[in-house]
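Each remark here refers to the structure printed beneath this line.
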Amino acid sequence: MKYFLLLLLGCASFSSYAQKFQARAIRKHIEFLASDDMEGRGTGSLGEIRSANYIATIFGELGLKPAGTDASFFQPFPVKYAIEGNLHQVTARNVAGFLDNGATKTIVIGAHYDHLGKGFQGSSLTTDSRNKIHNGADDNASGTTGLLELARHFAKNNITEKHNYLFLAFSGEELGLIGSKYFTENPTIPLASVSCMINMDMIGRLSNEKGIIVSGWGTSPVWGKLIPDLVKAQNLKYTADSSGVGASDHTSFYLKNIPVVQFFTGVHGDYHKVSDDIERINFEGEAKILSIIAGLLENIDKETTDPQFITADNPHTGNKTSDFKVTLGVMPDYSYSGKGLKIDGVSKARPAEKAGIQAGDIITKLAGKEITSIYDYMDVLSEHEKGEKVEAEFLRGSETKKVSIIF
Ligand SMILES: [Zn+2]
């Protein structure tokens, strides 16, 4: 009986190893990248260099070709940022590994590996974040891990695909997509040979209720054609966001007219806080997402033409808002996938600030209309004139508040 039981257990663990992506391997990378030794992978920091070396070593072991500058895996670039009014200038680096299948077209697979360091470079949501290590297990050790595991899968599958793959780990993302912008301005392979770009930013918190948020849906018809079946096969659901412009590095490629798609498991209470740690990562969930992305790459190979680029409907670019006669003076949080319009920041002396609305508030009702998304918000704006007074309802934490706003 004892032996029989052991045998059963053996089978169960064997079948989980038969998966393309293993939770165990995912855990190992995140353990390293989100450890305190990496000091939060702040752009240009020692922890960033250690993380970059870890990524480059794995690229090398997998037999990828160095695709940075000077025949190395690294692409250094300058970064300037201010800490409490003092300007700092540092050198950061992207890490680039090329899987050469002898094809004419290359698919870029990307993820940023930098995070908020020790909380000095701003954008931490932890109160008094200074000198506290922000491990960023989900943001974005999870995506970097995805990059490493997809590289391993495609380097070791003994298949010569119809595309080459460029695996790109970006730095400087948290300071404003600096690394990916630098790459697209100083590409190490011709951008004309890039067929599409797949980005992973925060793929470690999969929940069945929320599912996956797929951005860039409107940048090519190929995403809508291929992704739904792959998601379904993993028994998951997804939310599609049309825009190619968002809060991560795919934006830099979209702005070069390259079809982009980004995978994201949504924001959470630990977002940009010191509590974004490995304990809350869903490793099995990430394995499922990587299976979807690997399946997507395999299916792109079966298409007769390369992904077609289309200009997406971009509510995020502000093109539409420039037509409005009124605005609230708020910066929406584009990574927010819940109901309502979440505010990332408010402009001084504009209607929202005057009415007492703050960063973090979620507007749920405006001028008598339910606000479920940024589109509803834009609809309301288009119906009003300067000087008009409307009522707004918003959530601050669990509290519902009502205010009057004068446009
Ligand atoms: Zn991120």
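The values are calculated or read from the model by the stated rules, or taken from the named source; none is laboratory data. Remember, predicted model here, so these are calculated numbers, not experimental data. We place every Cβ from the backbone using ideal geometry, glycine too, and count neighbours over all the protein chains shown. Please note that ligands, DNA and RNA were not included when accessible areas were found on the heavy atoms of the full protein model with its side chains. Shrake-Rupley method; radii C 1.70, N 1.55, O 1.52, S 1.80 Å.
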Largest first and rounded to whole Å, the semi-axes √(5λ) derived from the alpha carbon gyration tensor of the chain read 36, 24, 23
Going through K65/K105; K232/K288; K105/K288 one by one, the pairs whose alpha carbons sit over 19 Å apart turn out to be K105/K288
To the nearest 10 degrees, the tilt of helix 143-156 (Cα long axis) against the first principal axis of the alpha carbons of the chain is 30
Diffusion coefficient in µm²/s returned for region 113-214 by Stokes-Einstein, Kirkwood Rh over C-alpha pairs, 37 °C and 0.692 mPa s, is 208
Output ordering of 220-230, 29-39, 299-309 (per-residue mean of other Cβ within 10 Å, highest first) is 29-39, 220-230, 299-309
For region 321-406 the mean separation of alpha carbon contacts under 8 Å (6+ apart) over residue count, i.e. relative contact order in percent, is 28
With 0.36 nm assigned to each residue of separation and the Cα-Cα distance removed, Q358 to L46 gains 108.8 nm
Residue by residue through region 178-193, the couplings from Karplus 6.51 cos²θ - 1.76 cosθ + 1.60 with θ = phi - 60°, in Hz, x for Gly and Pro, are 5, x, 6, 5, 4, 4, 6, 7, 10, x, 8, 10, x, 4, 5, 8
Note to self: C-alpha centroids of region 370-403 and region 62-115 sit apart, in Å, by 41
Counting only DSSP beta bridges with both partners in the chain, the antiparallel fraction in percent, to the nearest 5, comes to 65
Between the Cα axis of helix 46-61 and the main Cα principal axis of the chain, the angle (0 to 90°, nearest 10) is 40
Listed by chain and number, the lysines with an alpha carbon less than 18 angstrom from that of K342, same-chain partners under 8 positions apart left out, are K210, K273, K354, K365, K369, K401, K402
Subtracting the Cα-Cα distance of E84 and K237 from 0.36 nm times their residue separation yields 50.8 nm
Label model pair R24, E61: point-to-point distance (7 angstrom along the Cα→beta-carbon line) in nm is 1.5
If the label point sits 7 Å along Cα→Cβ of T305, residues of region 251-291 with amide N under 17 Å come out as 258-260
Heavy-atom accessible area of the chain with neighbours in place, 1.4 angstrom probe: carbon+sulfur share in percent works out to 52
For region 12-130 the translational diffusion coefficient, Stokes-Einstein from a Kirkwood Rh over Cα pairs at 20 °C and viscosity 1.002 mPa s, in µm²/s, is roughly 130
With Cα coordinates, the longest principal axis of the chain makes an angle with the long axis of helix 23-33, in degrees rounded to 10, of 70
Rounded to the nearest 5, the percent of antiparallel DSSP beta bridges in region 68-193 equals 70
With every protein chain in place, the accessible area of Y54 for a 1.4 Å probe, in Å² rounded to the nearest 10, comes to 40
Once normalised by the length of region 98-209, the mean sequence separation of its alpha carbon contacts under 8 Å that are 6 or more apart gives a contact order in percent of 46
Over region 340-397, with neighbouring protein chains present, the accessible area per residue in Å² at probe 1.4 Å is 51
Looking only at aspartates and glutamates whose Cα falls under 19 Å of K132's and that sit 8 or more positions away or on another chain, we get E31, D36, D37, E39, E48, E84, D114, E174, D270, D276, D277, E279
